[in-house]
Every structure is written in structure tokens, then in C-alpha cells.
Amino acid sequence: MNVQTLPFAHLIDHPLVVDPSSDNCVVSTNPATGQTLGAVKIQSTADYEDLVKRAQLVQKEWRMLPAPKRGEIVRRIGNAFREEEQALGALVTMEMGKIYPEGVGEVVECIDIADFAVGLSRQLYGLTMTSERPQHRMYEQWHPLGTIGIITAFNFPVAVWAWNAMLAAVCGNSMIWKPSLVTPLCAVAMTNVAHRVMKEQDIFKPTQGDPCDLFGLIIGTDDQVGETMIADRRLPLISATGSCRMGRHVGTQVAKRLGRSLLELGGNNAIIITESADLDLVLRGVLFGAVGTAGQRCTSTRRLFCHSSVVDEVASRLVKAYEQVPIGDPMADGTLVGPLINEQSVANMRAAITSAGEQGCDILCGGVEGIDRYADDAGHYVTPTIVRVPAGSDPAIARDETFAPVLYIYEYSDLDEAIEAQNSVDQGLSSAIFTDSMRQAERFLSHNGSDCGIANVNIGTSGAEIGGAFGGEKDTGGGRESGSDSWRQYMRRQTCTLNWGDDVPLAQGIEFG
Ligand code: NAD
């Protein structure tokens with residue numbers, strides 16, 4: 001493959017992109033074909049040190065630029081994403097393997113969050129409080145944190161950075177991005193787009209430092225750069241997206257230095273289907289949730305709890321739908337399921353299905369044979385799989401996140417029990433109920449309903465909009481990114497009290513001297 005002819009070639013023109021035969025580089029391959037897309041030089045901890053110093057220097061003046069002016073620059077970055085929407089979408093698809101409409105959809109998320117951040121740049125509000133002391137005024141204000149660290153997962157190789165970066169930038173921070181080594185070209189491309197805007201803009205001309213250094217990129221290994229970054233006291237916030245295993249380690253290391261972490265970790269998301277559910281809606285919601293992105297979303301639907309009166313019909317309709325799902329080249333029109341990211345993911349899916357079989361489950365479609373079908377193919381293709389769990393059983397494998405399209409169907413007769421079962425796993429990211437009963441919907445949304453960060457009614461578990469705060473509870477890490485008031489995570493709150501009187505009264509009525 002000639003990299004120069006790829007639609008995104010201009011986006012990966014960068015000094016870090018090197019010949020794949022070079023020493024000390026990470027080679028990026030297309031999971032659909034196994035072909036090499038390019039290679040990126042692995043940076044050292046000395047490179048990291050240099051980046052942090054530069055990011056800190058430029059942030060000193062960036063923080064003093066009025067927030068709406070920072071917003072104006074972010075608006076231009078959002079427009080640059082718009083101009084490159086298709087090329088970036090193609091890169092996401094070719095490096096990560098999600099189908100092209102989803103690749104473009106991911107870039108649209110970046111545009112949306114940039115727009116959101118622009119509006120936010122005029123709305124970084126604090127509260128005012130009434131003071132208990134006469135002639136005193138109390139209010140809170142929000143200051144930038146400084147330089148923040150962003151660690152991202154392979155499956156949303158551009159959007160997760162944008163969710164963090166666009167908000168962090170309008171909040172007055174600089175940042176260092178450490179992407180997954182599986183998708184380094186996406187990171188180079190997004191950084192290139194941001195840097196192009198920073199070079200062209202005439203709003204922020206610091207007396208010291210380079211405006212591009214606001215958006216730092218480090219391509220490094222977990223044990224060298226990763227560990228250095230999470231232990232670095234100069235980064236007051238580490239926003240880390242990835243597996244629960246990674247989050248447990250990163251969260252602990254950051255806590256040891258009393259830093260702040262924003263953790264967006266794995267999910268094990270369920271949909272409850274009640275006896276009154278509209279099964280046509282169910283089919284569409286479950287199909288996108290369980291099969292979309294080849295089951296490689298943190299919000300992918302992994303478990304279905306079906307009322308006993310509808311379980312057989314749901315299962316048979318889903319099996320029919322699964323058998324018709326077009327699997328193949330993610331760049332081709334009509335494909336709905338592309339490949340998994342790599343051989344390890346395929347092996348994990350195979351192991352999960354085998355384990356489910358050993359634990360007494362029925363494999364309704366897909367299965368190990370569905371994986372074997374693609375054994376000679378250069379891409380990491382699999383067949384989405386449905387597993388029916390025997391009544392009264394709860395196999396251990398279904399309680400873990402297998403990052404692949406495996407869906408477990410459970411049967412229930414009592415809604416309270418279904419909600420309890422849904423909540424019984426370690427993760428708490430996304431959840432949904434399909435019902436036409438207002439009472440059941442409200443029961444699901446009540447304080448003793450879903451324990452997840454996301455709870456939907458008659459919508460699947462995946463495909464969140466940027467306007468809401470995104471994230472989950474328990475082992476999902478508790479972080480919230482993107483919309484609502486998530487911006488506060490990127491700022492520090494300061495409570496200010498002003499005395500405009502001619503006495504110094506103490507709070508709580510204390511008399512002192
Ligand atoms: P991963 O945990 O293998 O890696 C995620 C990131 O963490 C990578 O950049 C990796 O290099 C980095 N990392 C790992 N160890 C590190 C260390 N010691 N120090 C610093 N950085 C380190 O995850 P993945 O396979 O890339 O992504 C899939 C996982 O991410 C799934 O579990 C999925 O559910 C989760 N995810 C969660 C969300 C969310 O918002 N909740 C979004 C996307 C993906």
C-alpha cells in the first residue's frame with residue numbers, strides 16, 4: 001500500500017511519522033487487511049520532559065487570554081475538523097476498524113464538542129453566596145488547572161481526546177496527550193489539525209513559548225512515558241480512558257501524589273426488555289448496541305434481561321437479524337460490522353465463547369465456528385455471537401467485559417430481580433430499559449433503579465450525545481466527561497470573600513481579642 005495515496009496522507013505528514021523499518025517505532029496496521037499504514041517514532045522520557053516544560057510555559061499566557069478568545073480559537077479548530085471530516089473519518093476506519101459511517105461519526109463528535117466548548121467559553125460560571133457577615137460578599141470563581149495529562153483508548157482514537165482537549169483548552173489549560181500505541185496515526189492527525197490552526201491564528205501570540213505547545217502529543221510506552229506521566233506532580237489532572245485494569249493502576253498512582261484523576265473505564269452494559277416493550281424498537285436498539293463497532297464500545301450492549309413472556313421471540317428475532325448483518329471491509333458501503341482491533345481481541349472472544357459453553361450456555365449464533373470462518377482472512381474478523389444463559393444461572397464470563405460482539409441473553413420474571421441482576425456486576429457505565437409502561441420506566445430510573453452513569457428508556461446503551469455528562473460508576477471509574485458541567489473537572493474552584501465594611505467580624509460570631 002502506498003501511504004501517499006491514502007485519503008489522509010496530508011494529515012500524517014509529521015516529523016514523528018517515520019519509515020516502518022526504522023528502529024524504535026510503533027507500526028500501525030489496518031485491522032481489516034493487516035497492511036501497514038505507517039509508523040510513528042516512540043518518544044523517550046526526555047522528550048516527555050521537554051514537552052511538559054513547553055506546555056507549562058505557554059499555559060502561563062494562555063490562561064490570561066480571556067476565555068471567549070480561547071473559545072474563538074477552539075471554534076477554528078472545530079471548523080478545521082469539519083474541513084477534514086472525511087479524511088479523518090477514513091483514517092479512524094482504517095486504523096481502528098470501525099465502519100466508515102462510524103469513523104465519520106466519531107469526527108462529528110469532535111466537531112460537536114468543539115462547538116459545545118465555544119459556547120462554554122462564555123459560561124464558566126461560579127455561584128455567588130450570601131455572607132453571614134455584614135458588608136461582605138462571597139462568590140466562587142474557576143481557574144485553569146495548568147497542564148493536564150490525557151490518556152486515551154484505541155476504540156475512540158480521536159473523540160476521547162477531543163472531549164478532553166476542547167474543554168480543557170477553553171478552560172485555560174495546556175495538555176499532553178498519550179494515545180494508545182494501537183492508533184498512533186489518528187493522534188498525529190488530530191494534533192496536526194490543531195497545530196495548523198494554532199500556527200495560522202492571530203489571536204494568541206505569547207511572548208514566550210509556542211502556541212502549538214498547548215496541544216502536546218507524546219507517543220510512548222506505558223512503562224516509560226506512561227508511568228512518568230501519571231507520577232508527574234506537574235500534571236494536576238490525569239484524564240485516563242481505557243480498561244478497568246489500567247484505571248485501577250493509574251488511579252492509584254495519581255492518588256499517591258494526591259493528584260486528580262478522571263477515569264473513564266470499562267463497561268458491562270445491559271438492556272432490560274419488559275413484557276410491554278415494542279419489539280421492533282428493541283431489535284434496532286439491541287442490534288446497534290451489541291453489534292455496532294463490532295462490540296468495541298465501552299457502552300456496547302453485553303447483556304439482555306428479557307421478560308419470560310418475550311425472551312423466545314426476542315432471541316429468535318435477534319438471531320435472524322444477526323445472520324443478515326453484513327460483515328466485512330469497514331470502508332465498503334453497506335458493511336455494518338468491521339474487524340476486531342487485533343489477534344488478541346479475537347482470541348479473547350474465542351475464549352469467552354468457549355468458557356460460556358463450558359458454563360452450560362447455549363450458543364445461538366456466531367460462536368467459535370463463526371470466528372473460524374475467517375481464519376484464513378488477513379483481517380481480524382469475527383461473527384457476532386449470541387449466548388443464551390440457562391434460567392437461574394449467571395456465568396462468570398458474562399460478568400466481565402469481553403471487548404468483542406458477544407451478547408448474553410438472560411430470562412427474568414420479576415422486574416426488581418432484573419434490575420438487581422443488571423446492577424450486580426462490577427462495572428456501572430450504561431444501561432437501558434425497553435418498556436411501554438411509564439411505571440416500569442420510572443422504577444428503572446428511580447433511586448433503587450439502575451446504578452449506572454447512563455440510564456436510557458427505549459434507546460440502546462450506546463451512542464451517547466456529547467451534551468450530557470458521560471461516564472459511569474463503580475469499576476467504570478466515576479469520571480464524567482463531555483457535556484453538562486464536566487468542564488469543572490478541568491478547573492479549580494476558588495471561594496472568595498470580600499469585606500467592604502470598616503470592621504473585621506468573624507464567622508460563627510466568634511469574638512477574638
Ligand atoms: P487499555 O487499558 O489497554 O489502554 C488504554 C490506555 O491506557 C492506552 O493509552 C494505554 O497505553 C494506557 N496505559 C496502559 N497502562 C498504562 C500505564 N501504566 N500508564 C499510563 N498509561 C497506561 O484499553 P484499550 O484496549 O486501549 O481500550 C479498551 C478499553 O477502554 C475497554 O475496557 C473500554 O471499555 C474502555 N473504554 C472506556 C471508555 C469510557 O469512556 N468509559 C471509552 C472508550 C474505551
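The values are calculated or read from the model by the stated rules, or taken from the named source; none is laboratory data. Computed from a prediction, not measured in an experiment: that's the story for all the values here. Neighbour counts run over all protein chains shown; Cβ positions are idealised from the backbone, glycine included.
A few remarks follow.
- Counting only strands (runs of 3 or more DSSP E) that sit wholly inside the range 401-513, those with at least 2 residues that are surrounded by fewer than 14 Cβ atoms within 10 Å (Cβ to Cβ) are 491-499.
- Meets criteria (within 11 Å of the ligand (Cβ to nearest atom) and among the β-branched types (Val, Ile, Thr)) for Val225: yes
- Among the residues making up the range 137-153, those that are of a type outside the set (D, E, K, R) and surrounded by fewer than 24 Cβ atoms within 10 Å (Cβ to Cβ) are Met138, Tyr139, Gln141, Trp142, His143, Leu145, Gly146, Ala153.
Results for (1) within 14 Å of the ligand (Cβ to nearest atom); (2) assigned by TED's automatic domain parsing to the domain that holds Val18; (3) not in a helix (DSSP H, G or I), shown as yes or no for each residue.
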site	(1), (2), (3)
Val188	no, yes, no
Val193	no, yes, no
Val197	no, yes, no
Ile203	no, yes, yes
Asp213	no, yes, no
Gly216	no, yes, yes
Ile219	yes, yes, yes
Met229	yes, yes, no
Arg234	no, yes, yes
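- Residue within the range 230-248 that is among the acidic types (Asp, Glu) and surrounded by fewer than 23 Cβ atoms within 10 Å (Cβ to Cβ) present: yes
- In the range 356-372, the residues that are touching a strand residue (DSSP E or B) at 6+ places or on another chain (Cβ under 9 Å) and either assigned to a loop (DSSP other than H, G, I, E, B) or closer than 19 Å to Ala391 by Cα (or both): Ala356, Gly357, Cys361, Asp362, Ile363, Leu364, Cys365, Gly366
- Meets criteria (buried (at least 16 other Cβ atoms within 10 Å of the Cβ), outside the structural domain of Ile148 (by TED's automatic domain parsing), on the phi > 0 side of the Ramachandran plot and more than 16 Å from the chain's Cα centre (by Cα)) for Gly328: yes
- One residue from Ser276, Ser261 being more than 10 Å from the ligand (Cβ to nearest atom), assigned by TED's automatic domain parsing to the domain that holds Asn155, at pLDDT 95 or above and not aromatic (Phe, Trp, Tyr): Ser261
- Qualifying residue in the range 404-414 (condition: modelled with pLDDT of 95 or more, over 30 Å from Asp451 (Cβ atoms) and either touching a helix residue (DSSP H, G or I) at 6+ places or on another chain (Cβ under 8 Å) or of a type in the set (S, T, N, Q) (or both)): no
- Neighbours by Cβ (under 7 Å, 6+ apart or cross-chain): first from the range 276-300, of a type in the set (Val, Ile, Thr); second at pLDDT below 95 and within 16 Å of the ligand (Cβ to nearest atom): Thr299/Ala464
- Residues of the range 465-481 that are near the ligand (Cβ under 9 Å from one of its atoms) and under 19 Å from Val158 (Cα atoms): Phe470, Gly471, Gly479, Glu481.
- The listed residues are Ile271, Ile238, and the only one of them that is closer than 30 Å to Ser393 by Cα, modelled with pLDDT of 95 or more and not polar (S, T, N, Q) turns out to be Ile271.
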